[in-house]
1. If the viscosity is 0.890 mPa s and the temperature 25 °C, what translational diffusion coefficient in µm²/s does Stokes-Einstein give for segment A:117-272 when Rh comes from Kirkwood over Cα pairs?
2. Most exposed first by the Cβ proxy, i.e. fewest other Cβ within 10 Å, how do B:Ser426, B:Ser216 rank?
3. Could you state, as a whole-number percent, how many of the C-alpha pairs of segment B:118-163 are farther apart than 13 Å?
4. Non-local amide H neighbours of B:Gly288 (under 5 Å, H modeled in plane, Pro and chain starts lacking H): which ones?
5. Quick check: the angle from helix B:478-495's long axis to the longest principal axis of chain B, C-alpha only, nearest 10 degrees?
6. Give the angle, between 0 and 90 degrees and rounded to the nearest 10, that separates the Cα long axis of helix B:2-26 from the longest principal axis of the Cα atoms of chain B.
7. In a shell of Cβ-Cβ distance under 14 Å around A:Leu37, excluding A:Leu37 itself, what net charge do Lys and Arg (+1) and Asp and Glu (-1) give?
8. Kirkwood hydrodynamic radius for segment A:16-64: how many Å is it when counted over pairs of different Cα atoms?
Amino acid sequence: MIQFFFRRFFHVFPAFIGVTLLTFSLIHLIPGDAVELRAGERGIDPARHAEMKAEMGLDKPLPIQYFRYIGNVFKGDLGKSYVTKKPILEEFLTLFPATLELSLCAMIFAVLFGLPAGVIAGVKRGTPFDHTIMAVSLTGYSMPIFWWGLLMILFFSVFLGWTPVSGRLSALFWIEPQTGFMLIDTLLSDEPGAFKSALSHLILPSIVLGTIPLAVIARMTRSSMLEVLKEDYVRTARAKGLSDRRVILVHALRNAMIPVITVIGLQTGVLLAGAILTETIFAWPGVGKWILESIGRRDYPAIQGGILIIATLIIFVNLGVDVLYGIINPRIRHTH
Amino acid sequence: MKRRKLLSIAVMAVLFCMLAVSVHAKEKTLVYCSEGSPEGFTPALYTSGTTFDATANTIYDQLAKFERGETKVIPGLAESWDISEDGKTYTFHLRKGVKFHTTPYFTPTRDFNADDVLFSFNRQFDKNHPYNKVSGGSYEYFEGMNMGKLIKSIEKKDDYTVVFTLNNPEAPFIANLAMAFASIGSSEYANKMLVAKTPDEFDQKPIGTGPFVFVSYQKDSTIRYKAFDKYWAGRAKIDKLVFSITPDASVRYAKLKAGEAHVMPYPNPADLPAMKADPNINLMEKEGLNVGYLAFNCQKEPFTNVKVRQALSMAINKKAIIEAVYQGAGKIAKNPIPPTIWSYNDAVKDYEYNVEGAKKLLAEAGFANGFETDLWAMPVQRPYNPNAKRMAEMIQEDWSKIGVKAKIVSYEWGEYLKRSLAAEHSSLLLGWTGDNGDPDNFLAVLLGCDAMESSNRARWCYKPFNDLIVKAKLVSNQAERTKLYQQAQVIFKEQAPWVTVAHSVVFEPLNKKVMDYKIDPFGQHIFYGVDLKD
């Protein structure tokens, strides 16, 4: 087992180097100049331009820049933002709780609605119910997030006035972040109504971000249920005279859940990395929006650092899943 | 007995909460839906208007200020100033009794004085100053305004008198000192941070003398301020000010409509009719201090020929551009400076749209059959040009009528700026928003020979014009300067290095509860003096 773990762990290194190399080359392939962008229409005289490039370390050839960067990363230094001049790790850690909170809420929403929808569609296969659920989930999957978000805002926030438009908390509450998770911070504060405000701010972004995972989970659960319902042990359970509910929930669903859980895990990774549009629409101060804005400003350390940390997180989550599979199913360990 | 006690405690708690709520409700909190996050909290280090809104216009003051909503310079932290006869020595008499903010992280022990002025300028001016390299230490505005070359020395005469000596006379100097980069910070606070070995904190937890005290900043989300009770010019009318950072214009509008915000900047042009019709929104508008232009590369053939430039200017139907691109929210520009700036020469005659006349001029220049060229269009929307690509298409169409085939070229914004700085273009669309309301800020910065390597995208260095603007800088008498700038505008029109396209109108939608808001001509957002109806 230990050997298996180390084997898996060493696979992480090429992935890690690959991510850094890819990020580094891609951002330097994008046209544009960090110095020029800062100067804007004003322009900048060539001497000052060269001086600033040297200050940013952009005057060296790209391979040297890369090796210097990698060297610093291994020392735990991700550099400082060109814009705010703050350490990248500090910026990331300030923003990450917001992304994590939103991703978790979106996932809870997706599981809460996607799982039952998939089970019902699987059990009632071929009925109008099944067709409706599948049609709705396909629509959800194909919905452009930007349009969907704005539509939700216009209907629920502007027209009905039920939910706040954007942000994480009403401007009337002055709460100092302690954990960075607004739901926890508002609970810790003594401001009445703050928690409710934080919760209401989470509703629309969670729905919008959770729509695609919901559709994926619903479809996956349905097909997995269909497969399991054909299995011998389900027939045996029915033959034993168990109730339909017990057969579906205890015998079928538990087995059907294995691929669904894998999908949930993968989708959580996607959410962490892909909340960019949702965060932009809902002015959600998370890492997705931060990386997007950094690309616009050619803030190379922020783009590289942000992507690297997220990729590392996903790599380690996958490593954890791989190791877990190995523990659960010894055959996986030995096939390698 | 115990139950009674509990009941009375509960009643008291409810009463206390009600009282707290009523106090809460009485406070006037203005929510400004800002378009982006500040880069930091020391304006000298940054260049974006977003940062200046969050710092220079709230937390800090400058020696001189712009009158709210105007370009007129009035005293700020300096009560008055004297200028020597040779125009090289500026003596500032500082205001007494000005307090710095008291916050949980700093309690000042003294009032504002000359040390703070020296600290704020020397940090940018003196490369050996202990704060020069702090927080990245790049002072783009200070450098961009040539202050490093201009200032010879800054001296403290006494606690309330500071003398700036310049290398050469510079008439716009006072206006420059009213800009955001010239904000005054506390030298006492800076020293404290230096001793504590945390000088970076000075730029993240700001202390100023301005109308609002910084309370907190949640990155990319919210900035909170409260009114400074001891503000030297009188306490702000609102109690709390919140910047709710919302990058998307449609969402900002939704927030305004839902009553979650009171003021929003940069509305989508497409939303303006709906905003006008909304009974809860007051859509304010003002002529912007800007110009959108097409610059010919005067060092490249055939634009070295003045007749070609004149012909191409004449071939453009500006009226159609104003209607289609600016959707009516703009004014035809005939001068490189907007009409709101003093010295604007209204006597200048613009090139009339005249296809036949243009053809004739082009033939005289030796291009009877036209020629092929490129026309660069910016990829971004700017206040002075809401849709450069559409504008380029219209100009392309107009030029084709006189036989000039223009190929539209566009790059990513950073690349566009970089390549245009390298003068790779033949003609390009760009624009400018004024910094300090001085004509020099347009004429010298954009068309002067000194700016050939930077912001003079026309690469036009014309001695008769340049002599006038250089002379105007050396004279402090405004009437005399006006004459010089007016002559310069006549030469500019004759030489046609640019086609001056438009001055756009700036819109700002507000909730009707907002009172006394004034649109800033420099495109910044100022909340001192603004009130909220109960």
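1. So the translational diffusion coefficient is about 134 µm²/s.
2. Lowest to highest Cβ neighbour count: B:Ser216, B:Ser426.
3. 58
4. B:Ser504, B:Val505, B:Val506
5. Taking Cα atoms only, the helix is inclined about 40 degrees.
6. Roughly 30 degrees, rounded to the nearest 10.
7. In short, -1.
8. Details: mean 1/r = 0.0817 Å⁻¹.
One decimal place: 12.2 Å for the Kirkwood radius.
Read-outs: derived from the displayed coordinates by stated rules, not from any lab. On a predicted model such as this, the values are computed, not experimentally measured, just so you know. We place every Cβ from the backbone using ideal geometry, glycine too, and count neighbours over all the protein chains shown.
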